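Peer 1: Here it is: the structure, laid out below.
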């Protein structure tokens, strides 16, 4: 029987965030929480390195969107914004991001994309 994955809605106080920044950060935090819950439920079938690469790829895409939205404006780095608005009650998810070094953007988006494609191919090969 397939276990259901809890879809989480993270809320935080908007304060002085502009609407478009608030929307990007809120969507990102919700996706991080949902992905973590999915990984927690299926961790025996999803290798941690594959999960880590998936999150890195997805966050690189989000970072690119964030950078494009605020091109030429002086705004805080994407990772800094995410960690700044991370809800205090979600320490397990926060530790998970730190453990996998998720918000360290040493790898480019293209490298993350290639790794994701290789993971997808490997997954398909194993299912055949």
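The values are calculated or read from the model by the stated rules, or taken from the named source; none is laboratory data. The structure displayed is predicted, hence computed values, not measured ones. We place every Cβ from the backbone using ideal geometry, glycine too, and count neighbours over all the protein chains shown.
Peer 1: Determine the pairs where a residue that is more than 19 Å from residue 82 (Cα to Cα), located within segment 98-122, has a partner that is assigned to a loop (DSSP other than H, G, I, E, B) and modelled with pLDDT under 70 with Cβ atoms under 9 Å apart, the partner being 6 or more residues away or on another chain.
Peer 2: That search, which allows pairs on different chains as well, returns 115/107.
Peer 1: I've got another one for you. Under the condition of being modelled with pLDDT under 75 and over 25 Å from residue 48 (Cβ atoms), which residue from segment 72-97 is nearest to the chain's Cα centre (by Cα)?
Peer 2: Top of the filtered list is 76.
Peer 1: Please state which of the following conditions residue 48 fails to meet, knowing it meets all the rest: (1) under 15 Å from the mean Cα position of the chain (by Cα); (2) closer than 24 Å to residue 115 by Cα; (3) surrounded by 14 or more Cβ atoms within 10 Å (Cβ to Cβ); (4) at pLDDT 75 or above.
Peer 2: Unmet for residue 48, out of (1) under 15 Å from the mean Cα position of the chain (by Cα); (2) closer than 24 Å to residue 115 by Cα; (3) surrounded by 14 or more Cβ atoms within 10 Å (Cβ to Cβ); (4) at pLDDT 75 or above: (3).
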